[in-house]
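Peer 1: Let me begin by handing over the structure; questions about it come next.
The values are calculated or read from the model by the stated rules, or taken from the named source; none is laboratory data. As the structure is a computational prediction, the values presented were derived from the model and not from experiment. Here the Cβ positions follow ideal geometry from the backbone for every residue, glycine too, while neighbour counts run over all protein chains shown.
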Amino acid sequence: MATSSDDIKKITNRKFKDGDNEHYAWNRWVFKGDESYRCPTYVHRTPPCQGSCPSGHDIRGWLDIVRGIEKPAEGMDWKEYAFRRNTEANPFPSIMGRVCPAPCEDGCNRNKVEEHVGINSVEQFIGDNALAAGYQFEAGPDTGKKVAIIGGGPAGLAAAYQLRRRGHGATIFESKPGLGGMMRYGIPGYRTPRNVLDGEIQRILDLGVEVHTNTKVGVDISMEDIEKEFDAVLFAIGAWSGRALPIPGGDKATNCITGVAFLEAFNQGRLKHVTGKVVVVGGGDTSIDVASVARRLGHIDVVSEKDRPEHVIINQTAHDVVESAARQGADVLLMSRAPIEKMNAAKHEIDDALREGVEIRGRLNPVEVILGEDGRAKALRVQELQEDGKTPVEGSEFDIECDLIVAAIGQGGDLTGMETFGNQRGLIDADKHYQVPGKEGYFVCGDIVRPHLLTTAIGQASIAVDSIDGYLQQKDLGKRPKVDVHHFNLLEKLRETHLEPAPFQLEAKDSVYKKETDLGARGTSEAKFAVHNYEDRSQSEIIPADELFLGHFPFTPRNRRQHVEVSAENVLGNFEERLVALDEEKTVAEAKRCMSCGMCFECDNCVVFCPQEAVKKTPKAEATMGRYVYTDYSRCIGCHICADVCPTGYIEMGLGAWAN
């Protein structure tokens with residue numbers, strides 16, 4: 001914190017002066033307790049919602065825009081401004097607002113009051129409104145550099161978006177007929193509506209992204225040709241090779257398939273029904289999707305061998321629509337090694353599956369696929385596990401008769417033609433900058449690094465593009481921030497509102513600084529070339545709930561999206577979207593539940609409770625986000641009341657100018 005020059009010589013961090021070696025009377029201590037050498041400093045920290053978000057959203061930022069605290073740039077309404085801030089990190093607000101399991105909500109400090117903010121529901125409104133309004137992205141000035149992106153899923157598309165914003169050319173090579181990756185071929189359309197997905201992808205392509213679909217790098221075009229044409233290469237090929245059950249018979253039965261293959265066949269429109277009992281082995285979101293899709297597809301009595309699901313999936317054929325008309329409810333069991341309450345899948349997805357008629361059993365371990373005379377699996381032998389989900393229960397083995405076994409237990413990548421880049425796990429290694437170690441000019445992101453969430457792939461793409469940009473400019477990449485997310489930038493905000501600091505000028509005469517310049521050179525509180533009384537710790541600190549004044553926040557129930565519940569009785573053929581977006585009024589109301597952790601939200605507590613009238617509102621013509629109040633240090637006695645009553649933890653007592 002800066003101070004005036006007259007006070008510089010008086011500053012000391014010593015509580016006692018020389019000779020102060022006697023205790024004061026207790027009543028004197030009480031009266032001395034209302035003053036200190038510390039005065040308010042305004043400290044920006046990262047909120048835990050953002051720190052928990054794998055794509056590094058400035059969540060607090062766009063919530064503050066929606067609620068009306070942060071004002072839009074000139075000529076822009078709040079809806080577009082919120083969209084611009086939201087998509088700095090993630091170009092898919094409509095899709096992610098629907099399907100992201102929202103680790104941000106788990107981290108939300110509002111959980112200490114009553115319940116987290118419905119971040120996903122606000123994001124869905126922002127995204128849906130953007131599509132309806134036709135908002136577009138803008139590409140940066142052309143740099144003449146070209147980057148090849150191998151894979152057109154969420155990671156590859158997000159990378160193309162970030163590259164074009166920087167002005168670099170982006171060319172996507174996608175092996176499948178359409179773009180979207182897991183968003184299109186891995187997640188069913190009732191969770192990622194295809195019109196929404198197509199709209200958000202097209203907005204990225206409109207930036208000038210070149211696309212080659214049905215083109216598999218390493219097969220249809222060689223890595224050597226890619227290297228010759230492009231300045232850098234980014235692998236974003238996803239993990240499309242599902243892992244087979246590692247048990248006897250698991251690799252022999254034709255009707256023992258992977259969850260990835262099952263969902264891809266369904267999303268391509270080829271798989272229209274199942275036959276007999278379906279057993280899904282897993283416990284994560286993919287296994288829930290498989291089980292829920294199987295319930296919606298229903299089963300038919302087998303008419304011919306070619307109509308069995310495994311042949312449609314493996315042989316890339318398609319079911320006859322006429323045959324599908326005779327389908328009926330499917331018998332689906334999802335089994336997991338973990339207890340149901342500890343399964344990796346989102347709780348609401350588990351609840352939906354149970355309501356839709358999926359049988360879910362925890363603490364079961366598959367031990368063998370029992371083959372029939374025809375070589376197909378006729379049953380899955382399992383054993384019960386103890387509470388730890390690891391230790392078998394002696395003598396607990398039994399067989400589950402079934403017609404289809406779907407393993408959703410992990411994924412790897414298809415590195416045909418790119419084998420030299422893979423590791424022993426069928427994935428590609430990455431360093432902290434998402435460079436491929438030992439391969440200059442090659443970068444990687446997404447599930448091919450480690451299969452995880454869509455938002456994780458998108459966040460990795462953003463970091464990878466930062467690294468590609470540095471590589472293309474031949475810059476030292478240095479270290480990534482400790483809190484590696486998209487941060488609110490006060491200096492940019494000041495520039496946007498035409499309140500940027502004055503240019504720094506240092507004048508000298510006969511090697512002796514002029515008095516006014518001397519004061520400026522030492523960074524006094526009068527100097528106009530610096531942002532005073534503000535410390536940005538957002539790249540190194542996440543603010544916990546115990547640094548907030550939680551007593552400021554009254555109990556305020558969530559504004560929940562309507563969740564269309566599908567029952568076992570009406571699940572068959574029901575592929576309608578389950579989430580109904582909030583309207584504008586409820587979206588704003590939900591955003592207002594945000595506690596703006598680590599950033600001022602203009603509550604006036606510090607102004608109202610300051611006994612010295614030292615904390616004052618910044619004049620309207622000079623105020624903006626993060627600059628709502630200032631401290632008159634000639635009046636401040638360091639009583640720390642302002643810090644105590646600050647709901648967001650934005651005020652911290654720092655070394656000040658007051659002294660005896």
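Peer 1: Scan region 119-159 for residues that are under 17 Å from the mean Cα position of the chain (by Cα) and among the polar types (S, T, N, Q) and jot them down.
Peer 2: The answer is 120, 121, 124.
Peer 1: Among the strands (runs of 3 or more DSSP E) contained in region 366-410, which hold 3 or more residues that are over 20 Å from residue 340 (Cβ atoms)?
Peer 2: By residue number, 377-384.
Peer 1: Scan region 547-570 for residues that are in a loop (DSSP other than H, G, I, E, B) and closer than 30 Å to residue 601 by Cα and jot them down.
Peer 2: 548, 549, 553, 554, 555, 556, 557, 558, 559, 560, 561, listed by residue number.
Peer 1: Given 621, 614, which one is modelled with pLDDT under 95, surrounded by fewer than 17 Cβ atoms within 10 Å (Cβ to Cβ) and among the hydrophobic types (A, V, I, L, M, F, W, C)? Spell out how you get there, then give the answer.
Peer 2: Values: 614 fails: surrounded by fewer than 17 Cβ atoms within 10 Å (Cβ to Cβ).
Being modelled with pLDDT under 95, surrounded by fewer than 17 Cβ atoms within 10 Å (Cβ to Cβ) and among the hydrophobic types (A, V, I, L, M, F, W, C) holds for just one of 621, 614, which is 621.
Peer 1: Sticking with this structure for a sec: Can you find even one residue in region 119-126 that is in contact with a Leu (Cβ under 9 Å, 6 or more places away or on another chain) and either modelled with pLDDT under 95 or not assigned by TED's automatic domain parsing to the domain that holds residue 95 (or both)?
Peer 2: Within region 119-126, none of the residues are in contact with a Leu (Cβ under 9 Å, 6 or more places away or on another chain) and either modelled with pLDDT under 95 or not assigned by TED's automatic domain parsing to the domain that holds residue 95 (or both).
Peer 1: On to the next question. Among the residues of region 72-82, is any in contact (Cβ under 8 Å) with a residue 60 or more places away in the chain and either small (Gly, Ala, Ser) or buried (at least 24 other Cβ atoms within 10 Å of the Cβ) (or both)? So that I can check it myself, show each step before the final result.
Peer 2: Restricting attention to region 72-82, the residues satisfying the condition of being in contact (Cβ under 8 Å) with a residue 60 or more places away in the chain are 73.
Then keep just the ones that are either small (Gly, Ala, Ser) or buried (at least 24 other Cβ atoms within 10 Å of the Cβ) (or both); that gives 73.
Yes, that holds for at least one residue.
Peer 1: Of all residues in region 442-482, count the ones that are in contact with a strand residue (DSSP E or B) (Cβ under 7 Å, 6 or more places away or on another chain) and at pLDDT below 95.
Peer 2: Summing the residues that are in contact with a strand residue (DSSP E or B) (Cβ under 7 Å, 6 or more places away or on another chain) and at pLDDT below 95 in region 442-482 gives 1.
Peer 1: Can you tell me which of (1) of a type in the set (D, E, K, R); (2) outside any loop (DSSP other than H, G, I, E, B); (3) buried (at least 19 other Cβ atoms within 10 Å of the Cβ) is the one residue 447 doesn't meet?
Peer 2: So residue 447 meets the others, but not (2).
Peer 1: Suppose we filter 426, 459, 470 for residues that are more than 20 Å from the chain's Cα centre (by Cα) and assigned to a helix (DSSP H, G or I); which single one remains? Write out each step before concluding.
Peer 2: On the way: 426 fails: assigned to a helix (DSSP H, G or I); 459 fails: more than 20 Å from the chain's Cα centre (by Cα).
Exactly one of 426, 459, 470 is more than 20 Å from the chain's Cα centre (by Cα) and assigned to a helix (DSSP H, G or I), namely 470.
Peer 1: Then there's this: Search region 551-564 for residues that are over 24 Å from residue 348 (Cα atoms) and pair each with any residue that is surrounded by 13 or more Cβ atoms within 10 Å (Cβ to Cβ) when their beta-carbon atoms are under 7 Å apart and the residues are at least 6 apart or on different chains.
Peer 2: Every condition considered, the pairs that remain are 552/603; 552/605; 552/647; 553/113; 553/595; 553/647.
Peer 1: Out of the residues in region 400-444 that are of a type in the set (Val, Ile, Thr), in contact (Cβ under 8 Å) with a residue 24 or more places away in the chain and closer than 22 Å to residue 229 by Cα, state the one that is surrounded by the most Cβ atoms within 10 Å (Cβ to Cβ).
Peer 2: 444
Peer 1: Please work out which residue is nearest to residue 430 (Cα to Cα), limiting yourself to region 450-484 and to residues that are surrounded by 14 or more Cβ atoms within 10 Å (Cβ to Cβ) and among the small types (Gly, Ala, Ser).
Peer 2: Just the residues of region 450-484 that are surrounded by 14 or more Cβ atoms within 10 Å (Cβ to Cβ), to begin with: 450-472, 477, 480, 483-484.
With among the small types (Gly, Ala, Ser) added as a condition, the list becomes 457, 459, 461-462, 464, 467, 470.
Working: 457: 13, 459: 14, 461: 12, 462: 14, 464: 10, 467: 12, 470: 16 Å.
Selected residue: 464.
Peer 1: Looking at region 611-634, is at least one residue under 30 Å from residue 129 (Cβ atoms), assigned by TED's automatic domain parsing to the domain that holds residue 113 and free of Cβ contacts under 8 Å to residues at least 12 places away in the same chain? Even if it seems obvious, please write down each step before you answer.
Peer 2: So in region 611-634, the residues under 30 Å from residue 129 (Cβ atoms) come out as 620, 623-628.
Still in the list and also assigned by TED's automatic domain parsing to the domain that holds residue 113: none.
Scanning region 611-634, I find no residue that is under 30 Å from residue 129 (Cβ atoms), assigned by TED's automatic domain parsing to the domain that holds residue 113 and free of Cβ contacts under 8 Å to residues at least 12 places away in the same chain, so the answer is no.
Peer 1: It is to be established whether one or more residues within region 174-189 are closer than 23 Å to residue 415 by Cβ, of a type in the set (Ser, Thr, Tyr) and more than 20 Å from the chain's Cα centre (by Cα). Give the derivation first.
Peer 2: Kept after step one, since they are closer than 23 Å to residue 415 by Cβ, are these residues of region 174-189: 174-186.
If we keep only those that are of a type in the set (Ser, Thr, Tyr) too, we end up with 175, 185.
Okay, now just the ones that are also more than 20 Å from the chain's Cα centre (by Cα), so 175, 185.
Yes, region 174-189 contains a residue that is closer than 23 Å to residue 415 by Cβ, of a type in the set (Ser, Thr, Tyr) and more than 20 Å from the chain's Cα centre (by Cα).
Peer 1: Moving to a separate point now. Which numbered condition trips up residue 431, out of (1) within 35 Å of the chain's Cα centre (by Cα); (2) more than 29 Å from residue 342 (Cβ to Cβ); (3) modelled with pLDDT of 95 or more; (4) not in a loop (DSSP other than H, G, I, E, B)?
Peer 2: If we test residue 431 against (1) within 35 Å of the chain's Cα centre (by Cα); (2) more than 29 Å from residue 342 (Cβ to Cβ); (3) modelled with pLDDT of 95 or more; (4) not in a loop (DSSP other than H, G, I, E, B), just (4) comes out false.
Peer 1: Can you find, within region 195-251, the residue that is nearest to residue 264 (Cα to Cα) among those that are touching a Ser or Thr at 6+ places or on another chain (Cβ under 9 Å) and without any contact (Cβ under 8 Å) to a residue 60 or more places away in the chain?
Peer 2: Here the residue is 214.
Peer 1: Return the total of residues in region 35-68 being out of contact with any Asp or Glu (no Cβ under 6 Å at 6 or more places or on another chain), over 24 Å from residue 158 (Cβ atoms) and of a type outside the set (Gly, Ala, Ser).
Peer 2: Result for region 35-68: 7.
Peer 1: For region 252-259, does any single residue satisfy the condition of being under 19 Å from residue 566 (Cβ atoms) and of a type outside the set (D, E, K, R)?
Peer 2: No; the residues of region 252-259 include none that is under 19 Å from residue 566 (Cβ atoms) and of a type outside the set (D, E, K, R).
Peer 1: Also, quick follow-up: Of the residues 431, 447, 484, only one is farther than 30 Å from residue 62 by Cα and of a type in the set (Asp, Glu); which?
Peer 2: Going through 431, 447, 484 in turn, the sole match is 431.
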